[in-house]
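Undergrad: Please read through the structure below; I'll follow up with questions.
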4 protein chains.
Amino acid sequence: MRKAGRHFLQIPGPSAVPDRILSAISQQTIDHRGPDFAKVGLKALNGLKTIFKTEENVFIYPASGTGAWEAALVNTLSPGDRVLMFETGHFATLWKKLAEKLGLKAEFIEGDWRGGADPDRIEAHLAEDKGHEIKAVCVVHNETSTGSVSPIAAVRKAIDNAKHPALFMVDTISGLASLDYQHDAWGVDVTVSGSQKGLMLPPGLSFNAASAKAMAANKTAALQRSYWDWAEMVGPNKTGYFPYTPATNLLYGLNEAVDMLHEEGLDNVFARHARHGAAARAAVRHWGLEVLCATQGQESGVLTAVKMPDGHSADAFRASTLEHYDISLGNGLSKVADKVFRIGHLGDFNDLMLVATLAGVEMGLKKADVPHEEGGVQAAMQMLA
Amino acid sequence: MRKAGRHFLQIPGPSAVPDRILSAISQQTIDHRGPDFAKVGLKALNGLKTIFKTEENVFIYPASGTGAWEAALVNTLSPGDRVLMFETGHFATLWKKLAEKLGLKAEFIEGDWRGGADPDRIEAHLAEDKGHEIKAVCVVHNETSTGSVSPIAAVRKAIDNAKHPALFMVDTISGLASLDYQHDAWGVDVTVSGSQKGLMLPPGLSFNAASAKAMAANKTAALQRSYWDWAEMVGPNKTGYFPYTPATNLLYGLNEAVDMLHEEGLDNVFARHARHGAAARAAVRHWGLEVLCATQGQESGVLTAVKMPDGHSADAFRASTLEHYDISLGNGLSKVADKVFRIGHLGDFNDLMLVATLAGVEMGLKKADVPHEEGGVQAAMQMLA
Amino acid sequence: MRKAGRHFLQIPGPSAVPDRILSAISQQTIDHRGPDFAKVGLKALNGLKTIFKTEENVFIYPASGTGAWEAALVNTLSPGDRVLMFETGHFATLWKKLAEKLGLKAEFIEGDWRGGADPDRIEAHLAEDKGHEIKAVCVVHNETSTGSVSPIAAVRKAIDNAKHPALFMVDTISGLASLDYQHDAWGVDVTVSGSQKGLMLPPGLSFNAASAKAMAANKTAALQRSYWDWAEMVGPNKTGYFPYTPATNLLYGLNEAVDMLHEEGLDNVFARHARHGAAARAAVRHWGLEVLCATQGQESGVLTAVKMPDGHSADAFRASTLEHYDISLGNGLSKVADKVFRIGHLGDFNDLMLVATLAGVEMGLKKADVPHEEGGVQAAMQMLA
Amino acid sequence: MRKAGRHFLQIPGPSAVPDRILSAISQQTIDHRGPDFAKVGLKALNGLKTIFKTEENVFIYPASGTGAWEAALVNTLSPGDRVLMFETGHFATLWKKLAEKLGLKAEFIEGDWRGGADPDRIEAHLAEDKGHEIKAVCVVHNETSTGSVSPIAAVRKAIDNAKHPALFMVDTISGLASLDYQHDAWGVDVTVSGSQKGLMLPPGLSFNAASAKAMAANKTAALQRSYWDWAEMVGPNKTGYFPYTPATNLLYGLNEAVDMLHEEGLDNVFARHARHGAAARAAVRHWGLEVLCATQGQESGVLTAVKMPDGHSADAFRASTLEHYDISLGNGLSKVADKVFRIGHLGDFNDLMLVATLAGVEMGLKKADVPHEEGGVQAAMQMLA
């Protein structure tokens, strides 16, 4: 039986793609070597810089975010290099595993998944590395598995305090274009991101932004690379072209997305996400449930991860809620599998869509007989009106 | 400044068009005289019959609903003919004016805009017409200006009780495909409808269904007609063609719409609208506001018209709510202008969209300082969960 | 079995709709009474004036071109009025029948379907009408059934020469936006047009442009009208609105179409059609076939009607060509049924599409064993290169 | 100034994307971990197998074809491994450079770019490798830079004749779904392909098909890999999921493409391409120009590369032709830069589109004053009619 009305895709990415972008990606493909393509390519590369807030190089891959993680590492490091990573959650853990798979030695500062990366612990760890053997510090900006945000500028300061020369790499796959992000001002060397979150595109594109220091590291980095190699990209990118066939139609979408973000105003976009995060947490607390992020000031505007009451399966709740209210919620991952569900409130989203989302959760809790205090939606509305 | 997220188009039509239909209407136009067109045309004509629940002729016009009103009259009546109409609200009044403009003598049973047509008063009126000079009884099924539903089967019975031979004409422009409707079983002679309500299409198509008795009347009806003339349509329609260029792309959409309705099941579609109407009224009553329809059992599942508290402008409230929450509500028309606003809950719609809609109204009331009891959204959720 | 590649829709309208317009019409429908609609409506009305080359009123109907024919007559004439029409072909004949159906007395200057309207004969006819009983002169600009163009400015001059006060009405349904047309400069009182030809839209919209003299006639015209009544439109149109629900999504397409025409430049559009008409005729003549339009200087840039050699069925040829080369050609109508086929070369069209079209005809002639000289395509290419 | 009509994208890929596929990729993105996704993923994986003609594993990457080249190598080989490659043209050369960049020792059998790979020379080369140090033989099926086709089954036989255990890898990026290809029957171990050629999709997806022998090699292959690793894919793929976020919207398009290919019938698709290649070559020869592929029976049905007469710049000709006739032709690459232009006749293409394409070339030759015999288009039409 057909379900009427719009599905609510409230996982923390892919976010629902707005019509303007769907329309843009359905334009006819053009010759990626022809004269008209230069406009598309240059607009994409330059537009992306305004979102990363960088004047340095950005790179666009036809790939998922996982590919851009790999690109960040293979472009700058050599086999056996030590890298420092921080366990903010599932995605930080995956990135660490990827580093190891590539032959790097990853040192993992353990975390409890209830907050962002801790600058003090990073500083302390680096301070002990007198020989500067650690070549990179890798931090997840918005940890999609927990809804916690790492203080990137403070981590930069920690590295500086330790007078450590390591490259600073940040994954803001799910943070970019939802939370403020400043590649240049925050002194990040390599930023990793993707298309299907704040940028509101379908999945299929991912990005690196690279500082001059990172570009220099690329020249000596010995990890094998070809598809991901920045060195091959720089030349063609200057005139808006790519060394291999780009995902032209997704670039159309990217250009539309950047226009849309600036039409709203980046600061307005960030404020909107922050406001929706606050309203979502108000609802969660009203229900008597616990927000996974336990660190004040680090709660995400992108998603809210919610702890399921003991004795209740988060996945059973999600399945029931999907069936009854046609809303997709994010699942708990690895350590918190079945114990947490995640509410995405990112991308092309507004107040009424948030109320609908929270109503889906509240009615879903009722339908699944999960104990909760009714009225969370109304509590959120108090904050929105 | 761009507004993020989806606009909520909650006027009682046009309803928001689902992606499947937008995609269908954006297919390439074909030769409306070529062999492939027959499939499109026959599917549209036959599909529409399943929605009108008729085995008689249906006619498709490239026109608005107003055109189909005119078609119903000019195809069956002659200058100076008397027609009996019932003042259910603004649209019944417009239809009456149209009849008069065409040279018919319209007799209008006055109503208070707070319920559907009254079969008893119709029967009484007809009973007095011993000479059977009244040639048609015209009733609006779902009065879009008030949210009241006329009991069509009961009106048929009233006509029969009066043993009156008048044609029975029904406007279900905003009722079809949202409320149960049975052209054949209810003995309607001419049904009028349109594309942009329960059928979920953009505006641009309108319809007549005609009984054998109506087709017979067409042969002698003296009102001048050409564009609207059924007689020109019948022949070409038999093989799926039209006497003049049809609105091919909207027909693509119509065929998709009929498929979608049957995939959901018409009875499920009707139950959904009824359930959403009940939940909307629960919210309105919780707010302490009054539903315009005051006749129990005649409240519409398509829309809910709400009386504004004295001293408050419904239009100012609507403008403010549109600005702050990006939701379009329907305005009060003529007699109830600025005194009523209308909440559309029709078409491709679901529980979470209804909650969002009601939240838009409730937050809008707060923002516009209209006195109300908070918690209407929660009251609606009680009914939905 | 699926046919690969693009179908060639080379009937003289609907013309193939360009992607930009299909994309425009698939945007979400909005509230036609809301503040955002005014921009859409005003852009449509004002944009259309630049295409009609008028500063007078234009009217947009959700209707086919047949409806706009009817609108022109019912808005300005009274039952029994005499109208002078010229038999340029099938569509002129249909318009005459429509006039008669509406109760007008149509006088038809007979033509041989091989040229446009003859100003001298019109002048002579009017000169005899000393009492000025003829209320309107109706001429088809581009006769879609024959591919002949009437000299509109010369007809105006003929009316003036006869010092006759009749309204001058012109059908340029298939001429507008392909051939130069000047409503104001040429002194036309009512112009009739439609969406699916030079305007490159799907069918579903049609238009009137009306001079001050026509608007004055509207006040006294006694033909019954409601849907078509200009008087109802003028007020709402001033601010971009319509008296009844407009075909919003087709208006999106209209606005895109007008932008596209101006991006190319109207004069370039006209020159392109003229050039393609000349190349098509060169091919036809090379094949040894005869162009239906036999009047030098009146051959259309919109379509070329071709006479079939005796003993060969044009319809059999068209069916065979459609099957083998996936190209739709126009059929001969009424008097020339099965004796003529029509090649449309209008709308969003270019040199290579024209070559493909002519190749479809030439290969089709060969496949259907119709005697012809090969090399017509090459002859056309000579003119294009 | 806007150019009217359709652009002809006649490079040998990306090919013009048909509307059905553009419409498919513009559907809303869904949760790639949710229950509905399984249907999309399984259909894509299983559908692709019918195109590769394999019952073994296929892998889908959000990546360009270059990525799938890399995947083939890193999944099966170890640093320092010797691989035998055949210089069919530019793309074979690029693949060789990629192999070297990854740390493999590539042995390159030189070719003159005027035919496919020579099985005899491969057999001879392998026969000398007594120690079986060569781990893979890599051949390009359809060399996109030259328009020559390698005899894949014969190469397989050559390897078998040499009793050599090397893996057999084939790049059919531009051959798949245009030319017959049989992964299983031809005993290929790894097939590499992409989305934007015969599959008619926009660029952004690429593929591997892997034999059991290749899967076994994966277990011991020491080249570093993560994004490309088959081992991570196999498990999730079984139920239709992917280890990282897939390019969901392109998968929608892939599913549509596979349906379209089967609706036409693969054998019909292949015959169509062969027929169009033959007609294109007839035109080239008529013009008095030379087809780059000089090996009878190895000319491609996908594209025709044409040698420019001495003293004329192919790139200047292409630029002029693009400007005047709005057709994109492929450029000559590396060794044949500016000396060759390439005519793509692949993907969703038909007879009339081919004639238009050839007319674009012929009129372009004339416009650019390139000496040629007129009438090539007519010569092609002789073969098509």
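The values are calculated or read from the model by the stated rules, or taken from the named source; none is laboratory data. This structure is a prediction, so every number in the text was calculated from the model and none was measured. When we count neighbours, we look across all protein chains shown, and the Cβ atoms used for this are built from the backbone with ideal geometry, even at glycine. Surface areas here come from the heavy atoms of the whole protein model, side chains and all, with no ligands, DNA or RNA. Shrake-Rupley method; radii C 1.70, N 1.55, O 1.52, S 1.80 Å.
Undergrad: What lysines sit close enough to C:LYS43 to cross-link, taking a C-alpha to C-alpha distance under 21 Å and skipping anything fewer than 8 places away on the same chain?
TA: Within the straight-line cut-off, C:LYS43 pairs with C:LYS53, C:LYS197, C:LYS238.
Undergrad: Measure off, as a whole percent, the carbon and sulfur share of the 1.4 Å-probe accessible area of the protein assembly as shown, all protein chains present. Don't skip to the answer; put the middle values down first.
TA: Numbers: 24350 of 47510 Å².
That share works out to 51 percent.
Undergrad: Could you give the nm distance between label points at D:ALA185 and D:LYS130, where each point is 7 Å from its Cα heading toward the beta carbon?
TA: In this crude spin-label approximation the distance works out to 3.9 nm.
Undergrad: In addition: B plus A alone minus the pair: what accessible area, both sides summed, probe 1.4 Å, in Å² to 100?
TA: The summed interface area works out to 3500 Å².
Undergrad: If you don't mind, another one. How would you rank C:62-68, A:371-377, B:105-111, B:350-356, highest first, on the average number of other Cβ atoms within 10 Å across their residues?
TA: Details: C:62-68: 27.6, A:371-377: 18.3, B:105-111: 16.3, B:350-356: 26.0.
Descending mean neighbour count gives C:62-68, B:350-356, A:371-377, B:105-111.
Undergrad: Counting only heavy atoms of the protein chains, get the accessible area per residue of the range C:16-170 (1.4 Å probe) and round it to a whole Å² value. Provide the component values of the computation, followed by the final result.
TA: On the way: 5180 Å² over 155 residues.
For the range C:16-170, the solvent-accessible area averages 33 Å² per residue.
Undergrad: Would you mind giving the mean number of other chain beta-carbons within 10 Å of the Cβ of each residue in C:344-350, as a whole number? All intermediate terms of the calculation are to be shown ahead of the outcome.
TA: Working: counts 1, 0, 0, 2, 5, 3, 11.
Partner Cβ neighbours, averaged per residue: 3.
Undergrad: A further question on this structure: Could you state how much accessible area D:ASP369 has, in square angstrom rounded to the nearest 10, with a 1.4 Å probe and all protein chains kept in place?
TA: For D:ASP369, solvent-accessible area is about 120 Å².
Undergrad: At q = 0.06, 0.10 Å⁻¹, what is the base-10 log of I(q)/I(0) for chain C according to the Debye formula with one equal point scatterer per Cα and no solvent? Please give it to two decimals.
TA: Log-scaled intensity ratios, in q order: -0.23, -0.64.
Undergrad: Treating only the Cβ atoms of Lys and Arg (+1) and Asp and Glu (-1) as charged, compute the dipole magnitude of the protein assembly as shown about its Cα centre; round to the nearest 20 debye.
TA: Details: 148 positive and 176 negative charges, 0 e Å.
For this selection, approximately 0 debye.
Undergrad: Once you place label points 7 Å from the Cα toward the Cβ at D:LYS97 and A:ASP310, how far apart are they in nm?
TA: 6.3
Undergrad: To continue, here is another question. Give the ranking of B:ASP259, D:ASP171 by solvent-accessible surface, highest area first, calculated with a 1.4 Å probe. Before the final figure, lay out each step's value.
TA: Working: B:ASP259 55, D:ASP171 5 Å².
Largest accessible area first, the list is B:ASP259, D:ASP171.
Undergrad: Still on this structure: Give the Kirkwood hydrodynamic radius (Å, one decimal) of the range C:1-47, defined as one over the mean of 1/r across all pairs of different Cα atoms.
TA: Numbers: mean 1/r = 0.0722 Å⁻¹.
When all Cα pairs of the range C:1-47 are included, the Kirkwood radius is 13.8 Å.
Undergrad: Here is a follow-up. Compute the label zone of D:ALA154 within the range D:173-187: residues whose backbone N is under 17 Å from the point 7 Å along Cα-to-Cβ.
TA: Those under the cut-off are D:180-182, D:186-187.
Undergrad: Just to confirm, what accessible area per residue do you get for the range D:187-333 at 1.4 Å probe, in whole Å²? If you can, show how the numbers build up before the last one.
TA: Numbers: 4370 Å² over 147 residues.
I get 30 Å² per residue for the range D:187-333.
Undergrad: Ok, one more. To the nearest 500 deg cm²/dmol, what mean residue ellipticity at 222 nm is calculated for the protein assembly as shown from DSSP H runs of n ≥ 4 alone, each contributing -39,500 (n - 2.57), summed and divided by the residues? Could the numbers behind the result be given before it?
TA: Details: 52 runs with 640 residues, N = 1540.
Estimated from H runs of four or more residues: -13000 deg cm²/dmol.
Undergrad: Here is a follow-up. Given Cβ point charges of +1 (Lys, Arg) and -1 (Asp, Glu) and nothing else, what value in debye, to the nearest 20, does the dipole of chain C about its Cα centre take?
TA: 440
Undergrad: With the dipole of the range D:19-262 worked out from charges on the C-beta (+1 for Lys and Arg, -1 for Asp and Glu) around the Cα centre, which of D:LEU205, D:ASN249, D:SER78 lies farthest toward the positive end?
TA: D:ASN249
Undergrad: For a distance above 17 Å, tell me the whole-number percent of Cα pairs in the range C:44-139 that qualify.
TA: Working: 2631 of 4560 pairs.
In whole percent, the long-distance tail amounts to 58.
Undergrad: Taking θ as phi - 60°, what are the ³J(HN,Hα) couplings along the range B:284-296 by the Karplus curve (6.51, -1.76, 1.60), each to the nearest whole Hz, with x for Gly and Pro?
TA: Whole-Hz 3J(HN,Hα) from phi for the range B:284-296: 4, 5, 4, 5, x, 9, 10, 6, 4, 5, 10, 9, 4.
Undergrad: At 0.36 nm per residue, minus the direct Cα-Cα distance, what do D:GLU55 and D:ASP36 gain on full extension? Give it in nm, one decimal, please. Kindly include the intermediate steps, with their values, before the conclusion.
TA: On the way: separation 19, 0.36 × 19 = 6.84 nm, distance 2.43 nm.
That pair, D:GLU55 and D:ASP36, stretches by 4.4 nm at full extension.
Undergrad: Here is a follow-up. From other protein chains only, count the Cβ atoms within 10 Å of every residue's Cβ in B:220-230, then give the mean. Walk me through the numbers on the way to the answer.
TA: Numbers: counts 0, 0, 0, 1, 9, 4, 12, 14, 3, 1, 0.
Counting Cβ atoms of other protein chains within 10 Å of each residue's Cβ and averaging gives 4.
Undergrad: Largest first, how would B:LYS96, D:LYS39 line up by accessible area (1.4 Å probe)? Don't jump to the answer; show the numbers that get you there.
TA: Values: B:LYS96 40, D:LYS39 140 Å².
Output order, biggest surface exposure first: D:LYS39, B:LYS96.
Undergrad: Okay, next question. Leaving ligands, DNA and RNA out of it, work out the accessible area of D:HIS125 with a 1.4 Å probe and give it in Å² to the nearest 10.
TA: Result for D:HIS125: roughly 60 Å² accessible.
Undergrad: Within 10 Å of each Cβ in peptide D:99-109, how many partner chain Cβ atoms are there on average? Round it to a whole number, please.
TA: Values: counts 1, 1, 6, 3, 1, 0, 0, 0, 0, 0, 0.
Average neighbour count from other chains, rounded to a whole number: 1.
Undergrad: Using just the alpha carbons, could you tell me how many Å³ per residue the convex hull of the protein assembly as shown encloses? Each step should come with its number before you reach the end.
TA: Values: hull volume 255.9 nm³, N = 1540.
Hull volume normalised by residue count: 166 Å³.
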